Structure formats: structure tokens, C-alpha cells
1. Please specify each residue of segment 206-228 satisfying the condition of being in contact with a Phe, Trp or Tyr (Cβ under 9 Å, 6 or more places away or on another chain), hydrophobic (A, V, I, L, M, F, W, C) and either under 21 Å from ALA317 (Cα atoms) or not assigned by TED's automatic domain parsing to the domain that holds LEU305 (or both).
2. Got a sec? Which of ALA268, ALA278 is small (Gly, Ala, Ser) and either touching a residue at least 60 places away in the same chain (Cβ under 8 Å) or more than 21 Å from HIS212 (Cα to Cα) (or both)?
3. Among the numbered criteria (1) small (Gly, Ala, Ser); (2) touching a helix residue (DSSP H, G or I) at 6+ places or on another chain (Cβ under 7 Å); (3) free of Cβ contacts under 8 Å to residues at least 40 places away in the same chain, which one does SER259 miss?
4. Which one of the conditions (1) among the aliphatic types (A, V, I, L, M); (2) surrounded by 23 or more Cβ atoms within 10 Å (Cβ to Cβ); (3) out of contact with any Ser or Thr (no Cβ under 7 Å at 6 or more places or on another chain) does ALA319 fail to meet, given that it meets all the rest?
5. Identify, please: which residue in segment 166-208 is in a loop (DSSP other than H, G, I, E, B) and of a type in the set (Gly, Ala, Ser) and is, among those, modelled with the lowest pLDDT?
6. Please determine whether any residue of segment 274-281 is modelled with pLDDT under 90 and over 19 Å from the mean Cα position of the chain (by Cα).
7. Does at least one position in segment 91-103 carry a residue that is aliphatic (A, V, I, L, M), in a loop (DSSP other than H, G, I, E, B) and modelled with pLDDT of 90 or more?
Amino acid sequence: MMHRHIPPHLPADGAPGSLTLEDWDALARSGLFAGTTAEQRLLVEPFACTRHLAHGAFLLQPGEANSNIYVLVEGQLGAYRDAATQRMLARFVPGDAVGEHALIGQEGGTVYVAAQWPSRLVVLNAAALRAVIDAVPRIAINVLDMLSERLRAMNLRLEPDEQAESMDFMATHDAVTGLHNRRWMSDAFQSEIAQSQQAGQLLHLMLMDIDHFDRFNQALGRNAGDAILRQLADLIRQVLPGIETLVRVSGDRFAALLSDVTLNEAVAACDRLRNHIAGRQFALRGHIATQITVSIGITPAGTDLDTALGNAAIALARAKERGRNLVESLPS
């Protein structure tokens, strides 16, 4: 499998003092610098630099020392309870700051912060920023406000209702991709069948997995494999936006229900998806990317989930036997 540098949407990180106008605008909008002047913000120029994160890459992890504060310029970050990025605690958008606890000490935080989309950040060394705070005490007030808001938000999430909701979420969702899981599909399938029959629409089941994914995991490790799975889940939803039932069945295997299409139309839609995946760069660690292919089996959904999954698996196996990177169908 060939590994390549990610195209220019993830450029090399910048050197200190190389901020763009967009970077400065993000600092001006950040709560970290609320109430400060452009002249005061220029005091960070000698040590401010930029960093780029690929989709799924971690910025902060519990227990890892951190000596920087980060201000998001573009993209989106999420804070999670665990490394599986299953349950998001908070979302960060351009202008938001993270890692402000580094101003107090370098001990690691308590949550995982990862890029939900390819992201660009301004990096501010905490020790250098503390020296700036001596001249601009307003920044210290802003940091206290930010820490207080974080603490308040965490306390709200400890309410009993939140815990019950979290347990339900974990029972019905996949820990890596955030998609629904096989257990949820068992309940949702009958509902989808009933709705399609009532509307007089055809319903087909797609089963897809990544070609040679086991080799990929062995060569690059589970974290890289998980990053691919998350990006693939996002890509499926982008290319086939009409899909309401998209499930990670197990491992690298995904299932989806396609409604109101004939078998030939479903095959054509899946083939467009297959082509799109084969031409896509999937981000790994740093600035490295890889390409993957998938095989897809599709069959009429019928009225029994286990039967439909079995038929789709037969079609998927046929695609594998015929060389992979193919779509095969099995009429009922």
C-alpha cells in the first residue's frame, strides 16, 4: 500500500513569527485575548507559531504533559472522555482556545482533544505567555473565566440524566466511529422495513468492508486504522447523504439501508461510493496519507435482518473473489 504526503490542505507547520492575517483574526476573536488591543496581542508574535492536525489526530491526551495553549484558526476539534472518541464532551470552533491549563502547570488534562476535521491552530508557549501576562493582566482574567466555564460545563455533565443518556449512547453506538452499532440495527431494521412497505418503496442492504484492512492494521497500528474508519464513516455520509441507517457492524465492516431505489440504482450508487473512496487520500499521523479500496455487496433487504446480512455477505465475498474493489449484488 502506498503512503503519500497529504495534499496542500495540510501544509507544513509555520515557524515562530510567521502568523497570517487569518491567524491574527482568530486570536482577536478568541476568549483568551478578549478585551486586549492589537498592539497587546503583537507581544506574542516572537513565539507564536502554527500547527496543523489531520482528521482524527490527537492534540491533547490525559496524562501527557502539555506546555502550550492552542487557538483554533480553521477546522473543528472535539473533547472526548476516552481515546475511542465515542462521547463528545465539547466542540471547539475557530476562535476557541484549548490547553489553557498549561498556564498553571504542565500536567496533562483529563480529556482527549482530537481534530474532527483537518485543522489549523496557533500555538502559544505557556511560559512565554506568562511573561506577556505580566504586561497584559487582562489575559489572566480571561483564563480564569475560561477555566470556570470548563468546570461549570463538566459539573452539568455529571447530572443523573446525563449519565443515563451516556449509558444509552454507549449501548447503541460504535466506540470508534460514533455510528450506530449492530445492536441498534436489530431494532431499527424492522422500523425501516415497515416504513418502506407503507410508502411502497424498495429497500436494499449494502455491506462493505476495506480491502486488506488486516494488513493495514498490522503495518501501521490500530490508531491509524481507527483514523481510517472514522474518515470512511464521514465519507460514506457525504457521498450518500440520503442514508439514514448507517452502521458499523464489526471490524472494518459497515452496513447501510438504501431506500426508494431499484437494485440496479443501488448498485450504481454503491459503485459511485467505491470510486470516490478509491480516489481519496485518508489522513494518518502527521502529514502522511494513504489510499484504500473497498468491496461492497448489496441485496434486497427483505423482511429478516439476518437473512439480508447473509445474502449481502455472499455478494461481498463474491466481490473479494473477483479481485476486490468491486460491487456485487445478490438478487433475492
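1. Matches in segment 206-228: MET206, LEU207, MET208, ILE210.
2. Exactly one residue qualifies, and that residue is ALA268.
3. Single failed check for SER259: (3).
4. Of everything listed in (1) among the aliphatic types (A, V, I, L, M); (2) surrounded by 23 or more Cβ atoms within 10 Å (Cβ to Cβ); (3) out of contact with any Ser or Thr (no Cβ under 7 Å at 6 or more places or on another chain), ALA319 misses just condition (3).
5. Once the filter is applied, the top-ranked residue is ALA175.
6. No, there is no match, as no residue in segment 274-281 is modelled with pLDDT under 90 and over 19 Å from the mean Cα position of the chain (by Cα).
7. Of all residues in segment 91-103, those aliphatic (A, V, I, L, M) come to 93, 97-98, 102-103.
Checking which are in a loop (DSSP other than H, G, I, E, B) leaves us with 93.
Filter again for modelled with pLDDT of 90 or more, leaving none.
Within segment 91-103 (the criterion being aliphatic (A, V, I, L, M), in a loop (DSSP other than H, G, I, E, B) and modelled with pLDDT of 90 or more), the answer is no, since none of the residues qualifies.
Quick grid of which residues meet (1) of a type in the set (Gly, Ala, Ser); (2) modelled with pLDDT of 95 or more; (3) in the same structural domain as ASN275 (by TED's automatic domain parsing):
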{"site": "ALA289", "(1), (2), (3)": "yes, no, yes"}
{"site": "VAL294", "(1), (2), (3)": "no, yes, yes"}
{"site": "ASP304", "(1), (2), (3)": "no, no, yes"}
{"site": "ALA315", "(1), (2), (3)": "yes, yes, yes"}
{"site": "ALA319", "(1), (2), (3)": "yes, yes, yes"}
{"site": "GLY323", "(1), (2), (3)": "yes, yes, yes"}
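The values are calculated or read from the model by the stated rules, or taken from the named source; none is laboratory data. For clarity, every value in this text was computed on a predicted model and none was experimentally measured. Glycine gets a Cβ as well: all are built from the backbone with ideal geometry, and neighbour counts include every protein chain shown.
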